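Inspection log for the structure reproduced underneath, given as structure tokens.
The values are calculated or read from the model by the stated rules, or taken from the named source; none is laboratory data. Just so you know, these numbers come straight off a predicted model, no measurement behind them. Neighbour counts are summed over all protein chains in view; Cβ atoms, including those assigned to glycine, are modelled from backbone coordinates with ideal geometry. Ligands, DNA and RNA are excluded from the accessible area calculation, which covers all protein heavy atoms including side chains. Shrake-Rupley method; radii C 1.70, N 1.55, O 1.52, S 1.80 Å.
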Amino acid sequence: MLPANHPLVDGRTSGSRLIRAYRGDRPEVTPVWFMRQAGRSLPEYRELRVGTRMLDACLTPELASEITLQPVRRHGVDAAIFFSDIVVPVLLAGVGVEIVPGKGPVIEHPIRTASDVTALRPIDPDTLAPIAEAVALTVAELGQTPLIGFAGAPFTLASYLVEGGPSKEHLRARTMMYSDAHSWATLLNWCADVSGQFLLAQVRAGASAVQLFDSWVGSLSEQQYVRRVAPHSARVFSHLRGYDVPKVHFGVGSGELLPAMRAVGADVVGVDWRLPLDEAERRLGGGVPLQGNIDPALLGAPWRILEAHLDDVLGRGLAAPSHVVNLGHGVPPETDPDVLTRVVEYVHGRS
Ligand code: CP3
């Protein structure tokens with residue numbers, strides 16, 4: 001159960017545009033936020049981060065909270081996304097990991113063998129205290145603006161753990177999936193519990209919605225996803241049983257997987273830029289709130305081209321019961337932040 005002072009329970013965020021849209025209602029004004037809105041596109045972020053490593057920033061509650069609030073103040077978006085990273089709970093569970101600028105998460109000892117997998121220890125929920133503290137600080141400042149908590153889905157997390165860092169094709173991870181099904185399942189369950197505990201800490205501390213990022217899931221066939229990955233993604237959400245918060249599920253290149261991604265227990269499906277929202281609605285069989293799907297590449301295009309694209313996205317979003325505008329993936333670091341502010345104003349004004 002959510003605590004009585006949770007923003008969804010005491011009424012601060014339950015009537016917000018974001019939460020209404022996530023629950024399938026269509027508010028008068030279409031809500032909008034951006035994946036990776038907190039981060040390198042903002043000069044105030046780059047300034048705050050000078051001299052602090054990414055993962056240290058994530059584990060310093062005042063800093064993580066301030067970075068989470070920056071894009072809300074600047075852009076007037078309808079939600080904050082908690083500033084952290086999908087590998088933060090992996091680190092807290094005792095796995096050596098660093099985030100290398102310009103590259104991404106790098107694992108000190110990649111998990112490649114059955115004994116690497118069995119050596120993983122479950123996360124101690126007490127280690128998540130800095131996360132809960134950062135969320136509580138943030139929610140106290142946000143008032144009626146909801147905070148979205150997030151975690152990495154088991155496949156995307158496992159892909160970093162097995163590959164040892166970012167990869168394009170996730171070949172090593174997929175080889176393990178086929179050749180050692182038992183270790184694979186054990187690894188994905190471990191990831192599911194790490195991410196599930198990370199989400200639970202954020203929800204208990206005041207997050208009003210959650211998003212599960214399966215960024216690299218597009219490298220799987222539907223059959224393999226359903227058989228070897230989806231049950232573990234469902235296990236992440238099972239950690240939130242009894243907590244009535246909207247759950248968003250997002251992947252990149254996941255057009256073939258949308259119904260399966262919904263089926264793991266998501267209330268809302270995030271769509272990347274490749275698939276028009278009306279087609280996503282059709283594939284999902286109707287009735288599912290959608291989030292997306294501005295092509296991040298168009299943030300760098302002349303305004304009239306971006307504007308025509310926004311009209312197209314908003315128009316196609318009408319096919320779904322409700323629509324939360326977002327990008328089809330994260331904000332590119334070189335984005336002019338004024339363009340993001342203008343997109344927010346445009347979406348709010350067009351509704
Ligand atoms: O507004 C937000 O969304 C901020 C919170 C956030 C971050 N990472 C901060 C971050 C979220 C939701 C994430 C999730 C995340 N991290 C995902 C899933 C979402 C997605 O984009 O697909 C993934 C795959 C990661 C792993 C990761 N961490 C990558 C690929 C990178 C980029 C590496 C680089 O330098 O290009 C990171 C680092 C990271 N996470 C940064 C931020 C702001 C940049 C680090 C910095 O500023 O030094």
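Please determine, by comparing only the residues of region 320-350 that are in contact (Cβ under 8 Å) with a residue 24 or more places away in the chain and open to solvent by 60 Å² or more (accessible area, probe 1.4 Å), which one is farthest from the ligand (Cβ to nearest atom).
Only one residue fits best here, namely R350.
Scan region 16-35 for residues that are in a loop (DSSP other than H, G, I, E, B), touching a His at 6+ places or on another chain (Cβ under 9 Å) and buried (at least 18 other Cβ atoms within 10 Å of the Cβ) and jot them down.
Hits for region 16-35 are T30, P31, W33, F34, M35.
For region 94-115: of the residues being away from the ligand (no atom under 16 Å from the Cβ) and crowded, with 16+ Cβ neighbours inside 10 Å, which is nearest to L55 (Cα to Cα)?
Only one residue fits best here, namely I111.
Does region 257-274 hold any residues that are assigned to a loop (DSSP other than H, G, I, E, B) and buried (at least 20 other Cβ atoms within 10 Å of the Cβ), and which are they?
Hits for region 257-274 are L257, V264, A266, V271, D272.
Considering only region 82-90, I want to know if a residue exists there that is of a type in the set (D, E), touching a strand residue (DSSP E or B) at 6+ places or on another chain (Cβ under 9 Å) and either at pLDDT 95 or above or closer than 16 Å to G206 by Cα (or both).
Taking every residue of region 82-90 in turn, at least one turns out to be of a type in the set (D, E), touching a strand residue (DSSP E or B) at 6+ places or on another chain (Cβ under 9 Å) and either at pLDDT 95 or above or closer than 16 Å to G206 by Cα (or both).
Are any of the residues in region 279-292 among the hydrophobic types (A, V, I, L, M, F, W, C), closer than 23 Å to L199 by Cβ, part of a loop (DSSP other than H, G, I, E, B) and at pLDDT 95 or above?
Yes, some residue in region 279-292 is among the hydrophobic types (A, V, I, L, M, F, W, C), closer than 23 Å to L199 by Cβ, part of a loop (DSSP other than H, G, I, E, B) and at pLDDT 95 or above.
Within region 168-225, track down each residue that is in contact (Cβ under 8 Å) with a residue 60 or more places away in the chain and of a type in the set (D, E).
D180, D193, D214
Count, please, the residues in region 42-64 that happen to be free of Cβ contacts under 8 Å to residues at least 12 places away in the same chain and of a type in the set (A, V, I, L, M, F, W, C).
Total satisfying the criteria: 1.
Given the condition more than 19 Å from the chain's Cα centre (by Cα), open to solvent by less than 40 Å² (accessible area, probe 1.4 Å), free of Cβ contacts under 8 Å to residues at least 24 places away in the same chain and farther than 20 Å from D214 by Cβ, answer yes or no: does some residue in region 65-83 qualify?
Checked region 65-83: no residue is more than 19 Å from the chain's Cα centre (by Cα), open to solvent by less than 40 Å² (accessible area, probe 1.4 Å), free of Cβ contacts under 8 Å to residues at least 24 places away in the same chain and farther than 20 Å from D214 by Cβ.
If I ask for residues that are out of contact with any Asp or Glu (no Cβ under 6 Å at 6 or more places or on another chain), within 16 Å of the ligand (Cβ to nearest atom) and open to solvent by less than 10 Å² (accessible area, probe 1.4 Å), which ones from region 236-256 would you list?
The answer is V236, V248, H249, F250, S254.
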